[in-house]
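Remarks on the structure that follows.
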Amino acid sequence: MQALLLTPEEIDLIPSKLPNWEVSDKVIKRVFNFSNFIEAFAFMTKVAIIAEKMNHHPEWKNVYSKVKIELTTHDLKGLSNLDVKLASSIDNLMHN
């Protein structure tokens, strides 16, 4: 799938599609909290597999049971359809 830069109107729609994500014009981010490090690391492993299949990788940080994920498309210097797709896929992991 090709990365396409989102328009300002498309960015304005992100909160309705991804209500748990904080949105700016160049980044979407979310913090995930787990019971312990093993659960956080297992989650990161699942995200890594999805990201690798998409060839679109998150910026993230893990401290014990917390995982902070930021998504942006560096090549386009902003948010793209891939960021929204990856965020949606990550949210789906939380519901399974």
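The values are calculated or read from the model by the stated rules, or taken from the named source; none is laboratory data. No experiment lies behind these values; they were computed from the predicted model shown. Positions of Cβ are backbone-derived with ideal geometry, glycine not excepted, and every protein chain shown enters the neighbour counts. Side chains included, ligands, DNA and RNA excluded: accessible areas come from the protein's heavy atoms. Shrake-Rupley method; radii C 1.70, N 1.55, O 1.52, S 1.80 Å.
Select from the range 25-81 the residues that are aliphatic (A, V, I, L, M) and over 19 Å from L93 (Cβ atoms) and list them in ascending order.
Passing the criteria: V27, V63, L76, L79.
Can you report the number of residues in the range 57-80 which are open to solvent by less than 40 Å² (accessible area, probe 1.4 Å) and under 22 Å from E9 (Cβ atoms)?
Count: 6.
Just one of F37, F43 is in contact with a Phe, Trp or Tyr (Cβ under 7 Å, 6 or more places away or on another chain), without any contact (Cβ under 8 Å) to a residue 40 or more places away in the chain and farther than 15 Å from L79 by Cα; which is it?
Only one candidate qualifies: F37.
I want to confirm something. Restricting to the range 28-53 and keeping residues that are open to solvent by less than 40 Å² (accessible area, probe 1.4 Å), among the aliphatic types (A, V, I, L, M) and in contact with a strand residue (DSSP E or B) (Cβ under 8 Å, 6 or more places away or on another chain), which single residue is farthest from L82 (Cα to Cα)?
It comes out as A40.
Here are the criteria: (1) open to solvent by 100 Å² or more (accessible area, probe 1.4 Å); (2) acidic (D, E); (3) over 15 Å from I90 (Cα atoms); (4) at pLDDT 95 or above. Tell me which single one E22 does not satisfy.
Single failed check for E22: (3).
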